[in-house]
Ligand code: FES
Ligand SMILES: [Fe+2]
């Protein structure tokens with residue numbers, strides 16, 4: 001795939017990162033369903049056995065190459081649509097309806113299998129360009145002490161590399177220039193291994209007077225992130241970025257409120273969520289036309305862009 005005449009446009013220097021990435025919402029794939037997914041510059045099938053167990057396996061059958069996204073789930077097995085060979089979630093052939101024997105090469109795992117995990121209402125798949133097993137585990141993003149209810153989901157396909165989207169959170173001046181906030185955020189931030197956290201506090205003017213507001217952003221690896229807004233309202237955003245390929249990213253925003261919220265408090269929370277979605281919409285045209293600047297010239301007032309990039313570099317390995 002070509003990035004166009006200027007090779008730096010659209011993050012052409014950046015590969016697809018490794019990590020856990022959201023590929024679906026849990027309630028989008030029922031027991032007995034199979035779906036074809038396109039992420040990590042490849043195609044695979046996600047399917048759920050009758051017991052509820054999920055599997056992510058290669059799209060193509062080792063027999064004569066049929067696409068198993070057109071197959072069906074039989075019990076705990078995925079059945080190829082062509083000659084009905086049936087695969088386990090570990091990628092081995094368990095049944096061939098017309099044959100007395102199963103070839104030894106396919107009796108053991110013979111197609112690629114992606115590790116899958118479910119948490120936070122999402123299905124995550126582990127991607128590593130060399131097929132290395134997960135280097136960390138998926139974590140819950142719901143803060144303790146509250147019961148959370150889903151308010152709204154949004155998703156976008158953005159023509160930019162995933163690293164450029166996540167960099168937005170540490171790009172402080174753009175909040176004023178692009179989003180029109182009154183002042184630049186001045187968060188306390190910390191980067192540690194696969195974890196990144198930044199906490200901003202601000203005095204917010206409301207009809208009920210000045211309220212102390214907090215914006216607490218966390219990221220775990222390149223694909224799991226959350227933002228909790230407290231003070232003027234109480235909103236939890238799960239923001240999940242997933243690379244479709246080196247040039248395209250799927251963004252999912254899931255907004256949750258504490259279950260106790262109702263009435264005007266819920267309307268304020270809805271306004272916060274709308275504002276966040278509006279900000280994302282404002283960023284898209286800039287992302288989709290910018291180029292990746294591998295050696296940016298920064299100035300006083302810029303956020304910790306280079307710290308962020310150094311942390312992100314750990315998610316790249318040569319193919
Ligand atoms: S191609 Fe899949 S069973 Fe023949
Ligand atoms: Fe932004």
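Based on DSSP H segments of at least four residues, each scored -39500 (n - 2.57), the chain has a per-residue ellipticity at 222 nm of -4500 deg cm²/dmol. Take every pair of alpha-carbon atoms less than 8 Å apart whose residues are at least six positions apart; their mean separation over the length of region 19-127 yields a relative contact order of 27 percent. For region 19-127, the Kirkwood radius over C-alpha pairs fed into Stokes-Einstein at 10 °C and 1.306 mPa s yields D = 115 µm² per second.
A simple spin-label model places pseudo-atoms 7 Å from Cα toward Cβ; at residue 182 and residue 300 they are separated by 2.5 nm. In degrees between 0 and 90, to the nearest 10, how far off the longest principal axis of the chain does helix 263-289 point, with axes built from Cα atoms? So the helix axis and the longest Cα principal axis differ by about 70 degrees. For the peptides 261-268, 294-301, 89-96, the ranking by mean Cβ contacts within 10 Å, running from highest to lowest, is 89-96, 261-268, 294-301. Region 85-102 and region 11-60 have Cα centres spaced 22 Å apart. Put in order of Cβ neighbour count within 10 Å, fewest first, the listed residues 160, 199, 317, 227 become 317, 199, 227, 160.
Throughout, read-outs are computed from the coordinates displayed, never taken from laboratory work. Fair warning: this is a prediction, and the values are worked out from it, not measured in the lab. Cβ: placed from backbone, ideal geometry, glycine included. Neighbour counts: every protein chain shown.
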